[in-house]
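Notes for the one structure printed next.
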Amino acid sequence: MTKASGSRTLHHIGIAVHSIAESLPHWTEGLGLELVSTDDVPAQGVRVAVLMAGSTRVELLEPFGENSPVAKHLSKRGPGVHHMAFEVEDCQAAIDGMAAAGSPMIDDSPKPGAHDCKVAFVHPKGMDGVLTELVEDPHSTDAHGASTGGAAHD
Ligand code: ZN
């Protein structure tokens, strides 16, 4: 029933930073983005500052420890765009769909993300060098208008 279609929404862009405290003013006071929350996501080894640029979400990612994938990114490449995340209806189904399409997964099953999201990362080698995250967001506001109103029937 759930098939990859043209209706995928960009959920957020993840940016690796050494220090949220040092980086945040550039994005909020300078650029004018709104800070929504700062959350620790132990499963990913990061602290996440969630910023809104209109309806587009930007996440600053500060690593917890040296084993964090973001820490590895920072030591290899320095700060910068780390991944792009796309919203999916069902994380496991999206994982299966990526695997069926021949894209290797980093996560074969959904992991806990920020804000009770279920997330899984697709290996960049299958996505033209872009680390790609699949996000099942229980708080999705359905901004793309796929269904409106409370009780959808179909
Ligand atoms: Zn992310």
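The values are calculated or read from the model by the stated rules, or taken from the named source; none is laboratory data. Nothing here was measured: the structure is a model prediction, and the numbers come from that model. Every residue, glycine among them, receives a Cβ derived from its backbone with ideal geometry; neighbour counts consider all protein chains shown.
Details
- Verdict on Pro69 being under 12 Å from the mean Cα position of the chain (by Cα) and within 13 Å of the ligand (Cβ to nearest atom): no
- Selection within the range 72-100: residues that are over 16 Å from Arg8 (Cβ atoms) and within 16 Å of the ligand (Cβ to nearest atom). The member of this set that is surrounded by the most Cβ atoms within 10 Å (Cβ to Cβ) is His82.
- Some residue of the range 24-40 being surrounded by 15 or more Cβ atoms within 10 Å (Cβ to Cβ), under 22 Å from Pro124 (Cα atoms) and β-branched (Val, Ile, Thr): no
- No other residue among Ser109, Ser103 is of a type in the set (Ser, Thr, Tyr), in contact with a helix residue (DSSP H, G or I) (Cβ under 9 Å, 6 or more places away or on another chain), surrounded by fewer than 19 Cβ atoms within 10 Å (Cβ to Cβ) and within 22 Å of Ser7 (Cβ to Cβ) apart from Ser103.
- Long-range neighbours under 7 Å by Cβ, at least six apart or interchain, first residue over 17 Å from Glu133 (Cα atoms) within the range 45-72, second among the aromatic types (Phe, Trp, Tyr) and not in a loop (DSSP other than H, G, I, E, B): Leu51/Trp27
- Only one of the listed residues (Ser19, Ser75) is modelled with pLDDT under 95 and farther than 17 Å from Glu133 by Cα. That residue is Ser75.
- Test result for Ser75, free of Cβ contacts under 8 Å to residues at least 40 places away in the same chain and in a helix (DSSP H, G or I): yes
- Failed criterion for Asp108 (all others in (1) outside any loop (DSSP other than H, G, I, E, B); (2) more than 16 Å from the ligand (Cβ to nearest atom) hold): (1)
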